[in-house]
There are 2 protein chains.
Amino acid sequence: MSAEDFRLHGYALVDWIAEYVASLEERPVRSEVRPGDVRRALPDHAPEQPEPFEALLGDVDTVVLPGVTHWQSPYFFGYFPANASEPAILAELLSASLGVQGMLWATSPACTELETHMMDWLVEMLDLPTAFRSDGPGGGVIQDSASSATLVALIAARERATRGAANRRGVRDPLVVYASPEAHSSVEKAVRIAGIGSENLRSVPVDPGTLAMDPAALAAAIDADLAAGRIPAAVVATVGTTGTTAFDPVAEIGDICRRRGVWLHVDAAYAGAAALCPELRWINAGVEKADSYCFNPHKWMLTNFDCDAFWVADRSALVGALSILPEYLRNEATESGAVIDYRDWQIPLGRRFRALKLWFVIRHYGVSGLQAHVRSHVALAQEFAGWVEADDLFEIPVPHPLSLVCFRLRSGDDDNRELLDRVNDSGLLLSHTRVGGRLTLRMAIGGTRTESRHVERAWEVIRGLARGEAPAQMLG
Amino acid sequence: MSAEDFRLHGYALVDWIAEYVASLEERPVRSEVRPGDVRRALPDHAPEQPEPFEALLGDVDTVVLPGVTHWQSPYFFGYFPANASEPAILAELLSASLGVQGMLWATSPACTELETHMMDWLVEMLDLPTAFRSDGPGGGVIQDSASSATLVALIAARERATRGAANRRGVRDPLVVYASPEAHSSVEKAVRIAGIGSENLRSVPVDPGTLAMDPAALAAAIDADLAAGRIPAAVVATVGTTGTTAFDPVAEIGDICRRRGVWLHVDAAYAGAAALCPELRWINAGVEKADSYCFNPHKWMLTNFDCDAFWVADRSALVGALSILPEYLRNEATESGAVIDYRDWQIPLGRRFRALKLWFVIRHYGVSGLQAHVRSHVALAQEFAGWVEADDLFEIPVPHPLSLVCFRLRSGDDDNRELLDRVNDSGLLLSHTRVGGRLTLRMAIGGTRTESRHVERAWEVIRGLARGEAPAQMLG
């Protein structure tokens, strides 16, 4: 593509994006296509000859958009947000254009050093333990997701617990990992991948009111395994669970782990961004006792997916487990020991220049702007929770300290399922979980463009539908 | 950011990129910064207040670019290319803007269905086995890299070899994996991560002339392990090794594996794109006997990193090993069984909309354009090899059937190391490997904008420097 054509198509796409973003409010969030619809609109065979860019962009409108669930809609309240923002989008464009592959410091020093620097900035911005800073034995790295962060944390824990034997001989020792049943599914997935086995993941009971891990039960479980000759390798504590934003008592868990030499990984994937605000830093109480920690700027800090920020207090077990240096990657900088090679901090070898989007986002909004973003969503969620609580039809079964509100009709699962379907049919999007075995709706507020009027409108729709009132189609 | 500002900054960035691309030819490929230089140019603390976009873009020029090794330069001949292209760059911009997270079909059906469709297109474009198509028990998925493809292949192999026991109980059985010493380092990394252990990775000897795996030695190694009561779980064969593009004899290896029920994964990360051209499809002889296969469109098919195309002939072991369905992800489409949820085909849960870039690239160039791209690089490499062979100072120790030429001064390691340093100081970039224990230079041709004049100029520089002639600084 000539430079001139690139400019023309680039401008056209920028315009398309600006229009798409402006149209988001009018679009029903959830795609209504049925399985196979998108494929049926695509040719069976790849084109032999080039096609004009206009044809591609045209098909984005006609083929792709109908099959898109609009995660960036201000009415997207499902799952957790994956909030994108303009500076992050432009940084992704820049990263794609530079096209550097940052597996080694030497293959693009700026890719590594900007990343280390952003991870150090974040330690300060979130008031995380100084042990996570890169100027000591610890340090931070961008992973694609919290799933991968959990996996590398378990690999490091496995390395430490077996003094490297698991890497050499395979997992022969009876390793055990602990998490609550409210922990993310990626914990079980990582336990499987790492060869530890699902049966060796202990499900530590939670307090039924808060869904937070019971530390006494954890201590008892670890001690029982120790007594039986097993090797407690890691505990995964969650700061803001996926289901309900429950908070495991990290300080107590940390003491239990330290006393027994067990690796503590803290998964703050969603909630971690709240620590931008001093008044919300209680979420990280005890994190100084963790061996590793992660949160996702791609969830609630305006930085496009994928961007998980992962730290270790001591990088030796992580790097020891994941480092292999073949001849074709040998270089002077690596051998000097003066640089970080992030390929040794992650599962894949290759890596994109993702620090650019953190840099653009932090500078574009400033810390104050990011704080304002978090505060506004927390305030909106509290306001929403107030409306729900004041309504006799509904109840709120668990605490909602941040921007997720779990709520349900008092009348039972069938009614809640029907309400969820109707709400999602109306054009906005909620998701669900189970609390105490009962179907519960999740209202996760955190979209880049979600304002009070969107939350108000959502409540009108939910409230109306719960009463069998009209609004069949809110949007579109 | 307002829509108006987004347009302005977006246009400015598009212009910046067009100028960057135009300037690539003038820039020395390798960054010359020393460790710490980039960080020293960055403020110690994140800004409290927002900064203007112009300041960010300005700092890209002054802080980032000096620390960038220009992977997209036509003079980048190191490692393997990670070739980007304008349609892929624009597709990345689109993907970032839609900001969808395709963990489930339901969370954006187009993200899943376009991906499945592109993977089926590629099966046809590369003349891969029809078993890899999605309309049978097999299918394809985009991974971030071949490292991750190898890991999920081993997880699937482990699942099949232990009938699921490794996932449940952990790796308790004596599993064994086989690869040649020329296989990519990610094989050992995956063997470690999967809990199988480096000591259980057998290094199968190669033919010293071709560096291809010796199938008789493989059969003997497997049979010895079987006789000893161990469980041969997987063989990783390489189609185009990283060091020298050696080709393991996949057809023979496949027969050996099938007879013994061992999973065969074929890693064609770099070379796989060559199969776009019918005359180069010999590289995939025997691949119909593989259980899984991958190649990287991000290496040599003009699709920005990251994009690894991974297929399985039967998806049951893969999905069985990696599937976990927590309540908050339950949905009607998944439960109907009528859709693919790609989270079950990969390590992380979340995923970006990467199929867009394959779609844009294939349509922008057409199959004929992609073939022309591969053919031109192969021809340039053969021409380059001819010049090297005609020069008494040099020798070519291994075959060079595609676009990588491994060559060296006859005079020994010290001279080769010095030549490599001087060549890279001059502004272009080569990397190195060892062949028969001796330092060998790697000239990997595959840049999006690499033409004959760049290869000619590179040879002039290499030839001149080998003779102690002048060109200290070729570029910049």
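Classification of segment B:285-332 by its C-alpha gyration tensor yields an oblate form. The axis ratio a/c (a ≥ b ≥ c) is 1.5 or more, and b/c is at least a/b. For the protein assembly as shown, with the dipole built from +1 on Lys and Arg beta-carbon atoms and -1 on Asp and Glu ones, taken about the Cα centre, which of A:466, A:154, A:91 lies farthest toward the positive end? My answer, from the dipole projection, is A:154. The same position residue A:251 in the other copies lies at 7.0 nm from this copy, comparing label points 7 Å beyond Cα toward the beta-carbon, shortest first. Taking 0.36 nm per residue of sequence separation and removing the Cα-Cα distance, the residue A:425/residue A:390 pair yields an extension gain of 10.1 nm.
Between the beta carbons of residue B:5 and residue A:255, assuming R0 = 56 Å, the FRET efficiency works out to 0.70 to the nearest 0.05. Reducing segment B:288-329 and segment A:306-333 to their Cα centroids gives an inter-centroid distance of 24 Å. Measuring from each Cβ of chain B to the axis carrying B onto A, the nearest residue and its distance in whole Å come out as B:195, 1. With an a/c value of 1.5 or above and a/b larger than b/c for the gyration tensor axes a ≥ b ≥ c computed over the alpha-carbon atoms, segment A:360-476 is described as prolate. Of all DSSP beta bridges confined to chain B, the antiparallel ones make up roughly 60%. The trypsin sites (Lys or Arg not before Pro) of segment B:153-235 that DSSP puts in a loop, and whose beta carbon has at most 14 other beta carbons within 10 Å, are B:163.
Each Lys or Arg adds one and each Asp or Glu takes one away; over the other residues whose Cβ falls under 14 Å from the Cβ of residue B:4, this sums to -3. Each copy carries residue A:205; placing its label point 7 Å along the C-beta direction from Cα gives inter-copy distances of 6.2 nm, listed from smallest up. Dipole magnitude for segment A:100-352: about 740 debye, using +1 per Lys or Arg Cβ and -1 per Asp or Glu Cβ, origin at the Cα centre.
Charged side chains reduced to their Cβ positions (Lys and Arg at +1, Asp and Glu at -1) give the protein assembly as shown a dipole of some 2500 debye around its Cα centre. Work out the charge dipole of segment A:187-233 with +1 on the Cβ of Lys and Arg and -1 on the Cβ of Asp and Glu about the Cα centre, then indicate which of A:190, A:228, A:216 is farthest towards its positive end. Positive-most Cα among the choices belongs to A:190. With semi-axes defined as the square roots of five times the eigenvalues of the C-alpha gyration tensor, the equivalent ellipsoid of the protein assembly as shown measures 43, 32, 28 Å, largest first. At what distance in nm do the modelled label points of residue A:22 and residue B:44 sit from each other, each positioned 7 Å from its Cα along Cα→Cβ? Placing both labels 7 Å beyond Cα along the Cβ direction yields 4.6 nm. The Rg/Rh ratio for segment B:100-352 is 0.96, where Rg is the radius of gyration of the alpha carbons and Rh is the Kirkwood radius.
Only helices reaching 20 angstrom along their own axis (Cα) with mean Kyte-Doolittle hydropathy no lower than -0.5 count here, and for the DSSP H runs of chain A these are A:3-23, A:109-125, A:146-162, A:355-389, A:452-466. Within the shell defined by Cβ-Cβ distances under 13 Å, the residues around residue B:446 carry a net charge of +3, with Lys and Arg each +1 and Asp and Glu each -1. Our compactness index for chain B, the C-alpha radius of gyration over the empirical 2.2 N^0.38 Å, is 1.03. Loop-located trypsin sites (Lys or Arg not before Pro) in segment B:272-337 (DSSP state other than H, G, I, E, B) with a sparse environment of at most 15 neighbouring Cβ atoms within 10 Å: B:330.
Residue order for B:419, B:264, fewest other beta carbons within 10 angstrom first, comes to B:419, B:264. For segment B:394-429 versus segment A:416-456, the spacing of their alpha-carbon centroids is 61 Å. Counting only other residues whose beta carbon sits under 12 Å from that of residue B:465, what net charge do I get with K and R as +1, D and E as -1? So the environment of residue B:465 carries a net charge of -3.
For chain B, a crude dipole built from +1 on the beta carbon of Lys and Arg and -1 on the beta carbon of Asp and Glu, taken about the Cα centre, is about 1300 debye to the nearest 20. When the helices of chain B are scored as -39500 (n - 2.57) per DSSP H run of n ≥ 4 and the total is divided over every residue, the value at 222 nm lands at -13000 deg cm²/dmol.
In the assembly of identical copies, residue A:55 has its label point, taken 7 Å from Cα in the direction of the beta carbon, separated from the corresponding points by 4.6 nm (ascending, one decimal).
When the charge dipole of the protein assembly as shown is built from unit charges on Cβ atoms (+1 for Lys and Arg, -1 for Asp and Glu) and taken about the Cα centre, the candidate among A:356, B:355, A:319 whose Cα reaches farthest toward its positive end is A:319.
Calculated FRET efficiency, residue B:223 and residue A:327, Cβ-Cβ r, R0 30 Å, to nearest 0.05? Plugging the Cβ-Cβ distance into 1/(1 + (r/R0)^6) gives 0.50.
Here, each number is a calculation from the coordinates, and none is a lab measurement. This one's a predicted model, so the numbers in the text were calculated from it and none came from an experiment. For neighbour counting, all protein chains shown are included, and Cβ atoms are generated from backbone atoms with ideal geometry for every residue, glycine included.
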